[in-house]
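*Asks:* Here you go, one structure.
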Amino acid sequence: MADNGSILVTGAAGQLGAVGRTVTGLLLERGLPVRAMVRREDDRAAALRAAGAEVVVGDLLEPADVYRVVSGCRRVYFGMSVSAGYLEATVTMAAVAREVGVNALVNMSQMTVSQMGIHNTTPSPQQRQHWLSEQALAWSGLPVVTIRPTVFLEGFFLPLTSPTVRDRGRIELPFGRGKTNPVSSGDVARVVAAVLADPGPHLGRIYELTGPRSQDMHGVAREYSDALNREVTYSDISPEDWERELKRHGLPEHLTRHLVTMAELNRAGRYDRLADGVERLSGRPAMSVREFVSLHADEFGGRRS
Ligand SMILES: NC(=O)c1ccc[n+]([C@@H]2O[C@H](COP(=O)([O-])OP(=O)(O)OC[C@H]3O[C@@H](n4cnc5c(N)ncnc54)[C@H](OP(=O)(O)O)[C@@H]3O)[C@@H](O)[C@H]2O)c1
């Protein structure tokens, strides 16, 4: 089994704040060789190459592509966009990793899986696929480390609250009085990079990751207000209106059903979570909502001086 020492990072292109992209940068900063898998050659692939990664192009749903990109790597981060083929991609990766032989497979999952079981599923096709994926990986006998973050600040709160905060000074979400505790995907990436750099002590472990404070959306809005030095309020909109709005933007059905389920679970208090994984593994406290909004103040319409 050849080992070129490289760490494979899938889903490495991503948007700003994507886990794979940030993990690639963090591993390179540590001086570790990274093979970054992207779906196509574009500016993002060029940027990864310029940063020092070996860039490989492939489709995680094509077994031959997965075999080609995994071969030679003994440590793998597996994560990709929320999409209908997630379970198939996971099982393909597991089959290849068994064939090639890897020392560590770090699997991105979701914290809702901690609440799921045969008699406790959710209507989200993504959450069901993560739950099944975790089981398939357990049956595979591979040396797996499971990462279960709660909702992301970058992947959810930034795109879904910045337009209304910018235009009306309001967070409009159907979360009712449910508490939530979003985590920065930068913190998630720091945890993944720490595990990949020295996987031995983490094999077989499950890490739950949240931000530092679970609070309802009025509390979240106060953190936005503090960060932007102007009033931001929370408006509890109807789940039906929110779903209509998501559909109007033409999101794929799989993603829409996932987001609608997340909102339902938030409303039901199921995102009232607190875990210390970020600080324990990365050595730094998890980023707060206020810090996150301060960092992205321009996208939220700017900070009043
Ligand atoms: N967002 C949240 O609130 C949240 C919370 C907890 C857990 N998670 C989990 O985090 C993961 C998503 O992480 P992320 O936000 O870092 O990912 P992401 O940025 O949405 O996606 C990463 C990359 O996956 C690539 N990709 C998609 N399909 C592919 C395929 N068939 N072959 C090869 N590459 C493919 C995409 O390539 P292109 O850009 O070229 O399309 C994208 O760049 C999911 O497992 C999700 O369930 C998310």
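*Asks:* Taking the chain as a Gaussian network, where each spring joins two C-alpha atoms under 10 Å apart, which residue of Pro143, Pro252, Pro174 fluctuates the most?
*Replies:* For the chain, modelled as a Gaussian network with Cα springs under 10 Å, the answer is Pro252.
*Asks:* Which whole-number percent is the relative contact order of region 219-293 (Cα, under 8 Å, 6+ apart)? Mind dumping the intermediate values first?
*Replies:* On the way: 35 pairs, mean separation 28.1, N = 75.
So the answer I get is 37 percent.
*Asks:* Using the Karplus curve 6.51 cos²θ - 1.76 cosθ + 1.60 with θ = phi - 60°, what ³J(HN,Hα) values do you get for each residue of region 210-226, in whole Hz, with x for Gly and Pro?
*Replies:* Along region 210-226, the couplings run 9, x, x, 8, 8, 8, 7, 6, 5, x, 4, 4, 5, 5, 4, 4, 4 Hz.
*Asks:* State the Kirkwood hydrodynamic radius of region 235-279 in Å, one decimal place, computed from all pairs of distinct Cα atoms.
*Replies:* Taking the inverse mean of 1/r over all distinct Cα pairs, region 235-279 comes out at 12.0 Å.
*Asks:* Between Arg230 and Asp167, what length in nm is gained on full extension when 0.36 nm per residue of separation is reduced by their alpha carbon distance?
*Replies:* Between Arg230 and Asp167, full extension yields 21.4 nm more.
*Asks:* Let me ask something additional. In whole percent, and with a 1.4 Å probe on the protein chains, what portion of the accessible area of region 98-151 is carbon and sulfur?
*Replies:* Ligands and nucleic acids excluded, carbon and sulfur give 50 percent.
*Asks:* Still on this structure, I have one more. Report Rg/Rh for region 230-305, rounded to two decimals, where Rg is the Cα radius of gyration and Rh the Kirkwood radius.
*Replies:* Rg/Rh for region 230-305 comes to 1.04.
*Asks:* Now for a separate question. Could you tell me which residue out of Gly79, Ala45, Leu32 lies farthest along the dipole of region 1-119 toward its positive end? Charges go on the beta carbon: Lys and Arg +1, Asp and Glu -1, centred on the Cα centre.
*Replies:* Most positive-ward Cα: Leu32.
*Asks:* Of all alpha-carbon pairs in region 45-131, indicate the percentage at a distance above 19 angstrom.
*Replies:* Cα-Cα pairs in region 45-131 separated by more than 19 Å: 48 percent.
*Asks:* Follow-up question, since we're still on this one. Most mobile of Thr180, Thr90, Thr233 per a Gaussian network model of the chain (Cα springs, under 10 Å)?
*Replies:* Taking springs between Cα atoms under 10 Å, the residue moving most is Thr233.
*Asks:* Something else about it: Quick one: length gained pulling Arg49 to Arg304 fully straight, 0.36 nm per residue minus the C-alpha distance?
*Replies:* 87.9 nm
*Asks:* I would also like to ask the following. How much space per residue, in cubic angstrom, does the convex hull of the C-alpha atoms of the chain take up?
*Replies:* Residue-normalised Cα hull volume stands at 130 Å³.
*Asks:* If you don't mind, there's one more thing I want to ask. Measure out, as a whole number of angstrom, how far apart the alpha-carbon centroids of region 157-178 and region 51-106 sit.
*Replies:* Spelled out, the Cα-based centre of one part sits 35 Å from the other.
*Asks:* Of Val70, Thr10, Ala197, which is farthest on the positive side of the dipole of the chain, counting Cα position, with +1 on Lys and Arg Cβ, -1 on Asp and Glu Cβ, and the Cα centre as origin?
*Replies:* Looking along the dipole axis, the top candidate is Ala197.
*Asks:* Pick out which of Tyr77, Tyr234, Tyr271 has the largest mean-square fluctuation in a Gaussian network model of the chain, springs linking Cα atoms closer than 10 Å.
*Replies:* Greatest mean-square fluctuation among the candidates belongs to Tyr234.
*Asks:* Ignoring ligands, DNA and RNA, what accessible area per residue does region 32-133 give at 1.4 Å, in Å²?
*Replies:* Using a 1.4 Å probe on heavy atoms only, each residue of region 32-133 averages 42 Å².
*Asks:* Residue by residue, what Karplus-based ³J(HN,Hα) values in Hz, rounded to whole numbers, does region 230-246 have, using 6.51, -1.76 and 1.60 with θ = phi - 60° and x for Gly and Pro?
*Replies:* Residue by residue, region 230-246 yields 7, 6, 10, 10, 9, 10, 7, 8, 6, x, 5, 5, 5, 4, 4, 5, 4 Hz.
*Asks:* Also, quick follow-up: Starting from the alpha-carbon convex hull of region 96-219, give the projected area averaged over all orientations, in nm².
*Replies:* Across all orientations, region 96-219 yields a mean hull projection of 9.4 nm².
*Asks:* Could you tell me which of His218, Val260, Ser282 has its Cα farthest along the dipole of region 207-305 towards the positive end, charges placed at Cβ (Lys, Arg +1; Asp, Glu -1), taken about the Cα centre?
*Replies:* The residue sitting most towards the positive pole is Ser282.
*Asks:* Using θ = phi - 60° and the Karplus form 6.51 cos²θ - 1.76 cosθ + 1.60, what ³J(HN,Hα) does each residue of region 26-42 get, whole Hz, x for Gly and Pro?
*Replies:* Rounded to whole hertz, the list is 5, 5, 4, 4, 7, x, 8, x, 10, 9, 9, 8, 10, 7, 8, 6, 7.
*Asks:* Give me Rg/Rg_expected for region 168-292, where Rg uses Cα atoms only and Rg_expected = 2.2 N^0.38 Å with N residues.
*Replies:* 1.20
*Asks:* So how much slack lies between Ala268 and Glu62, counting 0.36 nm per residue of separation and subtracting their Cα-Cα distance, in nm?
*Replies:* 70.3 nm
*Asks:* Let me ask you something else. At a threshold of 8 angstrom on Cα-Cα distance, excluding pairs fewer than six apart, so keeping six or more, what relative contact order does the chain reach in percent? Could the numbers behind the result be given before it?
*Replies:* On the way: 606 pairs, mean separation 56.8, N = 305.
Dividing the mean separation by the residue count of the chain yields 19 percent.
*Asks:* Then there is this: In whole Å, what is the distance between the alpha-carbon centres of region 208-242 and region 265-305?
*Replies:* Each part reduced to its Cα centre gives a spacing of 10 Å.
*Asks:* While we're looking at this one, here's another question. What's the carbon and sulfur percent of region 200-305's accessible surface, probe 1.4 angstrom, rounded to a whole number? Provide the component values of the computation, followed by the final result.
*Replies:* Details: 2660 of 5780 Å².
Carbon and sulfur atoms account for 46 percent of the accessible area of region 200-305.
The values are calculated or read from the model by the stated rules, or taken from the named source; none is laboratory data. Computed from a predicted model, the values in this text were never measured in an experiment. FYI the Cβ positions are ideal-geometry reconstructions off the backbone, even for glycines, and counts take in every protein chain you see. Areas reflect the complete protein model, heavy atoms only, side chains present, ligands, DNA and RNA absent. Shrake-Rupley method; radii C 1.70, N 1.55, O 1.52, S 1.80 Å.
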